[in-house]
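Every number here is computed from the coordinates shown, using simple stated rules; none is lab data. Not measured: the values here are computed from a predicted model. Cβ atoms come from the backbone with ideal geometry, glycine included; neighbour counts cover every protein chain shown.
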């Protein structure tokens, strides 16, 4: 009952301080969005920032389903992709017909396409919850991907469909050619979408969705049809996914079938989980992390997806609350400062040893496998390593096994009686 | 109860079978508006099934259920709830990771007209806060309002269960063994609570504790193997020979029946 006593704080106090903190966080977030391109000026940084902004909208939209309503969807990229494709066609139409619609409103069109397709497919998908829902969304994702080659005019086949964002009427003298302008367009829509999603979390729907996540059966006995709750969540999530898709269309000026496929759907599940689905900032952290890994780490190593997968598995096993959970949880013992207590900090050394050994082994295996045409020598941290000789493999094995043994001993000392 | 009083809940020849097994075998029961009606019977008599039929959790195989003269049999639970009938559960059925306040708030939103609105923030709304505070006072959980429901004690959880059930302003409430697993003092406190919250409503209660049943109910029905074998005032039920034989006789401890 210690946790109960811990959390019994008068509501009024929580309300006031939480309100202030929330306001400050939004101000800081907006400031950060404005300032980031001034801190990271290179073209590649700007590209990462733009992709991250889009990924944040996409992950936040996904968390309306997963974190808020407890609906695990494996087909969320469908609405992201359809929003993107729809936006490209709308942009081309506007450019051809010389309609007076400027680029900055296009994400709204993408959102509406997402909403429309979400309502259509959601009518079917939201009929059931739980595993059935997960499987239906998985099937819908496969279905739409399979339909893409048939609907060649809309999806553009292998090479996808393209557009020219500068062909749209200019607004306030902005041509939206330079990446910096596109970044600020994405940042604005990111802030707007995040604000809207946060607002919705505080409405009656948000409250009922969270209750439905906790106990879908009881919801029915307080006057809410679960199907309607699921459908509403599905439509909202699809709307914001459509906005993210439109931003992608604007950013890259191309959409391909891969954008609505299973891999894109999986990526958003991973990002949301790694970031932490119980907190509003969780998907934001996850989306940024995965985007940065996707762009930067893929330059360094071709095995970046392997690391992402490892991060996901370890996260789910040892930090189910995700990164946000580690940083923000109020559960004693779960908090980062409890986890980082000096006696536990000792564990950091063997953990780092295991990580180093693991990375070494993965990179060497990668060199011998997929990159074998480049020879057997791989430079890691500036050190040339011959992957064909047994010595570096021995080092890797020693690091992993030794680190594991020390960790085991240290852990059993920290929790006497427990074998974990 | 006079025949002139209005009927809140009417069951007519209600039947439910699971495969070839008949659980409810033709139950007819009229419960008047404002009445506190207890349903008793041995384990396996079909009491829980009866509640599941009335509240829409199960669809009946045959017969009719009417709430204030309107048919509700076969409707899904949320439709039954919207028509003014609410139930509690024997095994506590709350929203574990939400706070006590949020648990109650979920149950008042529809009644206050917020539905599933995505346009209005509900935090700090005067009508919501006032209704929730009143309910929390009524069920005695104001001091733990901000605690997550999964940190409550058993008795507190049962009180919360009751609070969620009455929060939506239902005219008819069904309570499924509200004092199950409680100590004597907890039971008598819960009994007072039920007396309070059922004032001005129609109450149907399934309960094993005979002290609660005979202390609370205006009328009692005895359900045995899917049939009601007797309905009457506590005095009539206590005097009924058939009931004595079929049900009360099974408890040799006569002291379980308060005079």
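Residue-normalised convex hull volume from the C-alpha trace of the range A:259-301: 70 Å³ per residue. Compared with the rule-of-thumb size 2.2 N^0.38 Å for a compact globular protein, the range B:136-233 has a Cα radius of gyration ratio of 1.15. Dividing the convex hull volume of the alpha-carbon atoms in the range A:341-414 by its residue count gives 83 Å³ per residue.
What is the ratio of the Cα radius of gyration of the range B:1-73 to 2.2 N^0.38 Å, with N the residue count, to two decimals? Intermediate values should be presented prior to the final figure.
Working: Rg = 12.5 Å, N = 73, 2.2 N^0.38 = 11.2 Å.
Working it through for the range B:1-73, the quotient is 1.11.
The range A:132-160 and the range B:132-147 have Cα centres lying 50 Å from one another.
Suppose R0 equals 45 Å; then what is the FRET efficiency for residue B:33 and residue A:138 from their Cβ-Cβ distance, rounded to the nearest 0.05?
Details: r = 50 Å, r/R0 = 1.12.
My answer for the efficiency is 0.35.
All alpha carbon pair distances within the range A:70-168 were sorted into 5 Å bins beginning at 0; the resulting P(r) in whole percents reads 3, 13, 20, 21, 17, 12, 8, 5, 2, 0.
Under Stokes-Einstein, with the Kirkwood radius over Cα pairs as Rh, the value for chain A at 37 °C and 0.692 mPa s is 139 µm²/s.
Using a 10 Å cut-off around each Cβ, can you sort B:132, A:112, A:387 from fewest to most neighbouring Cβ atoms?
Details: B:132 27, A:112 18, A:387 22.
Ordered from fewest to most neighbouring Cβ atoms within 10 Å, B:132, A:112, A:387 come out as A:112, A:387, B:132.
Take each residue in B:145-158, count the other chain C-beta atoms within 10 Å of its C-beta, and the mean is 3. For the range B:1-138, the Kirkwood radius over C-alpha pairs fed into Stokes-Einstein at 25 °C and 0.890 mPa s yields D = 142 µm² per second. With equal scatterers on the alpha carbons only and no solvent term, can you work out the Debye log10 of I(q)/I(0) for the range B:38-112 at 0.12, 0.13, 0.18, 0.24 1/Å? Per q value, in the given order, log10 I(q)/I(0) is -0.42, -0.49, -0.86, -1.17. Ordered from longest to shortest, the equivalent ellipsoid semi-axes for chain B are 32, 22, 16 Å, each the square root of 5 times a Cα gyration tensor eigenvalue.
As a proxy for reagent exposure, B:176, A:278 were ordered by neighbouring Cβ count within 10 angstrom, fewest first; the result is A:278, B:176.
For the range B:95-164, what Kirkwood radius comes out of the mean inverse Cα-Cα distance, in Å? If you can, show how the numbers build up before the last one.
Numbers: mean 1/r = 0.0820 Å⁻¹.
With all distinct Cα pairs of the range B:95-164 included, I get 12.2 Å.
Rounded to the nearest 10 degrees, the inclination of helix B:154-167 to the longest alpha-carbon principal axis of chain B is 80 degrees.
Rounded to two decimals, what is the ratio between the C-alpha radius of gyration of the range A:268-328 and 2.2 N^0.38 Å?
1.05
With respect to chain B, whose longest principal axis is taken over its alpha-carbon atoms, helix B:126-138 is tilted by about 40°. Multiplying the residue separation of residue A:21 and residue A:227 by 0.36 nm and subtracting their alpha-carbon distance yields 70.7 nm. Look at the stretch B:117-129: the mean tally of other chain Cβ atoms within 10 Å of its residues' Cβ atoms is 4. Against chain B, whose longest principal axis comes from its Cα atoms, helix B:100-109 is set at around 80 degrees.
In peptide A:211-218, how many Cβ atoms from other protein chains are near each Cβ within 10 Å, on average? Across A:211-218, the average partner-chain Cβ count within 10 Å equals 6.
Indicate, rounded to the nearest 5 percent, the antiparallel portion of the DSSP beta bridges found entirely in the protein assembly as shown. Don't skip to the answer; put the middle values down first.
Numbers: 30 of 46 bridges.
Close to 65 percent.
Ranking of B:37, A:76 by neighbouring Cβ atoms within 10 Å, starting from the fewest: B:37, A:76. With R₀ fixed at 45 Å, the C-beta to C-beta distance from residue A:192 to residue A:409 puts the FRET efficiency at about 0.30. Relative to one another, the C-alpha centroids of the range B:165-184 and the range A:66-82 are positioned 38 Å apart.
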